[in-house]
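Written out below as structure tokens is the structure these notes cover.
The values are calculated or read from the model by the stated rules, or taken from the named source; none is laboratory data. Predicted model only: the values in this text are computed from it and were never measured. Neighbour counts run over all protein chains shown; Cβ positions are idealised from the backbone, glycine included.
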Amino acid sequence: MTGEQVIFLIVGAVTLIAALMVVTVRDLVHAALWLVATLFGVAIIYTLLNAGFLAVVQVVVYIGAIAILFIFAVMLTRRQAADTGAALNKNWWAGALLAVLTFTGLFFMLQSWSGFQKQAAAIPSGFDAINQLGDALTSPAGFVLPFEVASVLLLAALVGAVYLAFNKK
Amino acid sequence: MNEWLYVGLFFIVGLIIPVGAIGVGWLLGPKKPNPIKQSTYECGIEPVGEGWVQFKAQYYIFALVFLVFDVETVFLFPWAVKLGQLGMFAVVEGIVFILILVAGLVYTWRKGMLEWA
Amino acid sequence: MIPLSWFLILAAGLFSIGLFGVLARRNAVAILLGVELMLNAVNINLVAFWRYGDILLMTGQVFAIIVFAVAAAEVAVGLALVISVYRRRSTVVAEELDLLKW
Amino acid sequence: MTFWNDPLKVAADWLTGIFTGWGMPSVGANVLVAFLGVLMLITILMVIDIFLVWIERKVVARFQDRIGPNRVGPFGLIQPFADIIKLMIKEDTTPDGADKVVYNLAPILSMMSVLILWAVVPLAPVMLGVDLNAGALFIIAAGSIGTLSIIMAGWSSNNKFSVIGAFRQVAVMISFEVPMLAVLLIPTIFSGSMGMNAIIQSQSIWFVFLSPLAALIFLIAAIAELGRAPFDLAEGESELVSGYNIEYSGMKFGMFYAGELLHAFTFGGFWSIFFFGGYRFFGLELVSPFLAIAIILFKALVGYWVIMWVKYTVMRIRIDQMLAFNWKFLTPVAFVLVMVTALMNTLLRGADSWLFITGMILSNIIVAWVSMEIVRSVSKQERERVEGVQQVAEAHH
């Protein structure tokens, strides 16, 4: 077993445990903090996939912005410091069953696929992901339209969210 | 070898040093807790109510605008890296991209959501 | 080296946990946390397929970045909805929001 | 390859030789040597941090026409060690109802978020740290961890003041992150890379001469990120007692405090890297790596001094003023500057370097002038409106 595999197993296990904590702990601030741990684990997984730029973006966008927004929202929608009452609803066992079924289904479906055990090719020397990404996002043959549409999407989200949450009646 | 391994070492050492410092402080310091010492500090008077206050919704608005601009600027970094080798077309693209988002800022501003009222 | 299967299984596990969170949590904010987990699982898949496919083809990474934008938009609007509901009904428990039941 | 030309590599090779001589596999030896190197760098940083306390106290004393610490040791140099011993032997209290794990984790994360910044700082042409190609964004990523640690500290203390302080601090930090990200695009545009070393290498003309406005916006945003005056309302002593770290004592408080000082020093360093050529100084950096380290540390100290100068000169402003300043002034100006810089950079490509510099400076001055004019006319209107209201009120009396 190589060093990378050991790191993957440790990080993967921690990520999955943190994800389980996200969906089960009662206190929502704790759930948000466990989400941060999960997201950080995913960022490490990106670095193992040689996608360093995405790992940094993951930390900037998810931990720096989305997790903060979650914590703010949790604090805005409660009247006392701690959460009380059950964390899960009455039909949680059905949800658990469905989740397990999904996982087994995905697992067997993937296992029957021929590329499942594929190994990664070596990275060509001089390969710079950010440069390539800049090319892909700006060349007319690439992803110019998604690039601009993303900005329209963000604009729509901003306008919609401001309107929804703070339309004074 | 993966350069991120070294960044990981910085994370590990960055954890060890403060843990060590706090650990030494914990070993050397006295440990005599009592209820008065443990009570939360409110300028010397008895704590009133619980340690919780309702927040202004304004905090959420600023976090929201921040989130949108954060994601946008992250999009712009690959564009900026490549800009030196691209023509006018790429510049116009980026400017349109920024202007669309500035429109969002202007909307929020005009709705009076950036006021701390 | 790590085979592709490890990443795919991790992503599948993360997705299933997220699905469980969406189906089983009572608090609306917690349901959105579950959605975030599912989006992250998708992103792991996208990046893994980029790395294990043609590395010069940036489609996987571009899609992952688009997913970041979509996740940001989803969180912004989703949480705004939750706050809006909280202001009207003073609760964020999904079961108690039964206005459209009948 | 002698020791004086590349000390780190010589030392690393020597240590690797020793470790492999003990029968360690070469990969393990490499990782261990890198670990020791990181440990050494961070230990040196902590020592610098201790002296920063002394520097800060001396400088603030001079600004306020005092002498500062001068009793313990020559020029009071031993004073910070006395402070540290005091912090260490203080009792470490935890308030009732605190969330223990989160409460203890917060100062650790706060310190860590500052220390990891040094992973991407190039100290000399042969000591690049980790030359990440996403270096500029890495700073922001580390800052996000710092933001998170403040929320954790404020929330877990179970104290109203610390929660309010934390929320204000976080609102300020995330708001000013936007103009900071935007101006980081400008060195990226000029150098065509986000890597710290590439940015330094392309500064045959310091970027401050190409874009003085960007350097200024970066400094303002950095001061706000650091939560220093005039943006330190989170710890307004008279209203919030001390902000998010009220309930911390002993070494845990020390971590927040030391983290803040080192953070300011580090951002002085980043300011010099992005806009003042980092370790470059008229070719002197090529003479010896030690000289290069001295240059970058000196520039970082100058940046730190400027941050202190602002801190002890300008008074604290209110949170509404601060957020309005950011969202209604700094952010639009930063984005306009990015657009103008991108346009000019493409228009002037291939032009003579003097023409390039002149064009860039002129465009900066025009952006600054136009935005100041807009602010002036808006504030004039506002003043007239306020005076009109006052006159109406007086007429009623």
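Table for the structure above
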| quantity | calculated |
| --- | --- |
| Residue that is nearest to the chain's Cα centre (by Cα), among those in the range D:144-153 that are more than 7 Å from every other protein chain (Cβ to nearest Cβ) and not aliphatic (A, V, I, L, M) | D:146 |
| Cross-chain or 6+ apart pairs with Cβ under 7 Å, the range D:277-297 first and at positive phi and surrounded by 16 or more Cβ atoms within 10 Å (Cβ to Cβ), then outside any helix (DSSP H, G or I) and among the polar types (S, T, N, Q) | D:277/D:203 |
| Among (1) surrounded by fewer than 20 Cβ atoms within 10 Å (Cβ to Cβ); (2) free of Cβ contacts under 8 Å to residues at least 24 places away in the same chain, the one test that residue C:64 misses | (1) |
| Filtered residues of the range A:128-140 (kept if free of Cβ contacts under 8 Å to residues at least 40 places away in the same chain and surrounded by 12 or more Cβ atoms within 10 Å (Cβ to Cβ)) | A:128, A:131, A:132, A:134, A:135, A:136, A:137, A:138, A:139 |
| Which listed residue, of A:43, A:55, A:65, is free of Cβ contacts under 8 Å to residues at least 40 places away in the same chain, touching a Ser or Thr at 6+ places or on another chain (Cβ under 8 Å), of a type in the set (A, V, I, L, M, F, W, C) and more than 18 Å from residue B:62 (Cβ to Cβ) | A:55 |
| Answer from D:107, D:95 - the residue that is of a type outside the set (A, V, I, L, M, F, W, C), modelled with pLDDT under 90 and either surrounded by 24 or more Cβ atoms within 10 Å (Cβ to Cβ) or in a loop (DSSP other than H, G, I, E, B) (or both) | D:95 |
| Total residues in the range D:1-37, condition touching a residue at least 60 places away in the same chain (Cβ under 8 Å) and assigned to a helix (DSSP H, G or I) | 3 |
| Failed item, numbered, when residue C:53 is tested on (1) more than 7 Å from chain A (Cβ to nearest Cβ); (2) out of contact with any helix residue (DSSP H, G or I) (no Cβ under 6 Å at 6 or more places or on another chain); (3) crowded, with 21+ Cβ neighbours inside 10 Å | (3) |
| So residue D:70, is it of a type in the set (S, T, N, Q), surrounded by fewer than 18 Cβ atoms within 10 Å (Cβ to Cβ), under 29 Å from the mean Cα position of the chain (by Cα) and outside any helix (DSSP H, G or I) | yes |
| Qualifying position, being more than 30 Å from residue B:91 (Cα to Cα) and either of a type in the set (Val, Ile, Thr) or surrounded by 15 or more Cβ atoms within 10 Å (Cβ to Cβ) (or both), among D:319, D:361, D:366, D:374 | D:319 |
| Some residue of the range D:150-162 being in a helix (DSSP H, G or I), surrounded by 24 or more Cβ atoms within 10 Å (Cβ to Cβ), assigned by TED's automatic domain parsing to the domain that holds residue D:306 and of a type in the set (D, E, K, R) | no |
| Some residue of the range D:213-225 being part of a loop (DSSP other than H, G, I, E, B) and within 30 Å of residue A:69 (Cα to Cα) | no |
| Which numbered condition residue C:4 misses (of (1) within 7 Å of chain A (Cβ to nearest Cβ); (2) at pLDDT 90 or above) | (2) |
| Evaluation of residue D:138 against (1) in contact (Cβ under 8 Å) with a residue 24 or more places away in the chain; (2) under 16 Å from the mean Cα position of the chain (by Cα) (one fails), failing number | (1) |
| Set A:48, A:16, A:35: member being free of Cβ contacts under 8 Å to residues at least 12 places away in the same chain, facing chain C (nearest Cβ under 9 Å) and not β-branched (Val, Ile, Thr) | A:16 |
